[in-house]
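These notes are about the structure you will find just below.
The values are calculated or read from the model by the stated rules, or taken from the named source; none is laboratory data. Keep in mind it's a predicted model, so treat the numbers as computed, not measured. Note that each Cβ is placed from the backbone with ideal geometry, even for glycine, and that neighbours are counted across all protein chains shown.
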């Protein structure tokens, strides 16, 4: 993969040249030190890439000459992460790791034990920050698809409104929680194919409350064990997404 990647939103699907935004230009020229003649992959975060040559290295308006366009196929499955908001900067790390793993969408959740509460301008600033984190991760790992970051939602409301998924999972330390492998095998046995759209919820510090877990069960969520140890929420999210992605890739 070429060393340089840049995000863009060209006005047409077949541009002869692409002028990067000031932010992307600065990152490409000042931070990554691309030079005239460098190969740059411009991408729109929706699966389209333009293989380009840097022809103008202005730090506020770099210009790429397009060699050819290509459309990358999405993964054969879509994973949505419903993540209860953690404290501090951990959500940034979760967004980055989820992007690297290939998650299609991320839904930040406020649960009963969430200690971070966002509203108004603060929520908008946070979502914008997470979108930047996802974009940076996509550049780093070569992901042509940047996950959608949804607005913050109340966990109990989201449990009821989540529709259109083949499977709805929730990481759990509850007795009786099943292994991911057994749940996927049961789905494939009943449907003759692996699930294509999967939602996985991960709780906050202290996990979801018993009331939230009970409501999740009534809304059709499967309780999945991540092993006998209590994981930090950012570890649980990365682990859950990793094992699910691995199983779906190999099903």
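A compact table of results
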{"quantity": "Filter pass, residue 75 being more than 10 Å from the chain's Cα centre (by Cα) and either surrounded by 17 or more Cβ atoms within 10 Å (Cβ to Cβ) or part of a loop (DSSP other than H, G, I, E, B) (or both)", "calculated": "yes"}
{"quantity": "Lone qualifier among 192, 203, 142 - being at positive phi and in contact with a strand residue (DSSP E or B) (Cβ under 9 Å, 6 or more places away or on another chain)", "calculated": "142"}
{"quantity": "Checklist (1) in contact with a helix residue (DSSP H, G or I) (Cβ under 8 Å, 6 or more places away or on another chain); (2) closer than 29 Å to residue 186 by Cβ; (3) surrounded by fewer than 21 Cβ atoms within 10 Å (Cβ to Cβ) applied to residue 140, failing item", "calculated": "(2)"}
{"quantity": "Of residues in segment 184-209 being surrounded by fewer than 18 Cβ atoms within 10 Å (Cβ to Cβ) and in contact (Cβ under 8 Å) with a residue 40 or more places away in the chain, the one farthest from residue 85 (Cα to Cα)", "calculated": "188"}
{"quantity": "Pick from segment 78-124, criterion at pLDDT 95 or above and assigned to a loop (DSSP other than H, G, I, E, B), ranking: nearest to residue 233 (Cα to Cα)", "calculated": "103"}
{"quantity": "Residue identified as touching a helix residue (DSSP H, G or I) at 6+ places or on another chain (Cβ under 7 Å), touching a residue at least 60 places away in the same chain (Cβ under 8 Å), surrounded by fewer than 23 Cβ atoms within 10 Å (Cβ to Cβ) and under 19 Å from residue 172 (Cα atoms) among 81, 85", "calculated": "85"}
{"quantity": "Test: residue 108 is under 20 Å from residue 130 (Cα atoms) and exposed (fewer than 15 other Cβ atoms within 10 Å of the Cβ)", "calculated": "no"}
{"quantity": "Residue list for segment 197-211, restricted to those being modelled with pLDDT of 95 or more, closer than 13 Å to residue 109 by Cβ and in contact with a helix residue (DSSP H, G or I) (Cβ under 8 Å, 6 or more places away or on another chain)", "calculated": "200, 201, 202"}
{"quantity": "Residue under evaluation residue 241, criteria (1) on the phi < 0 side of the Ramachandran plot; (2) surrounded by fewer than 21 Cβ atoms within 10 Å (Cβ to Cβ); (3) touching a helix residue (DSSP H, G or I) at 6+ places or on another chain (Cβ under 9 Å), criterion not met", "calculated": "(2)"}
{"quantity": "Filter result (part of a loop (DSSP other than H, G, I, E, B) and either exposed (fewer than 12 other Cβ atoms within 10 Å of the Cβ) or free of Cβ contacts under 8 Å to residues at least 24 places away in the same chain (or both)) within segment 10-58", "calculated": "11, 12, 13, 14, 16, 21, 33, 35, 36, 37"}
{"quantity": "Identity of the residue in segment 158-183, part of a helix (DSSP H, G or I) and more than 21 Å from the chain's Cα centre (by Cα), that ends up nearest to residue 118 (Cα to Cα)", "calculated": "160"}
{"quantity": "Filter result for residue 118 (in contact with a helix residue (DSSP H, G or I) (Cβ under 6 Å, 6 or more places away or on another chain) and within 24 Å of residue 248 (Cα to Cα))", "calculated": "no"}
{"quantity": "Positions within segment 209-240 being assigned to a helix (DSSP H, G or I), under 23 Å from the mean Cα position of the chain (by Cα) and under 18 Å from residue 178 (Cβ atoms), in sequence order", "calculated": "216, 236, 239, 240"}
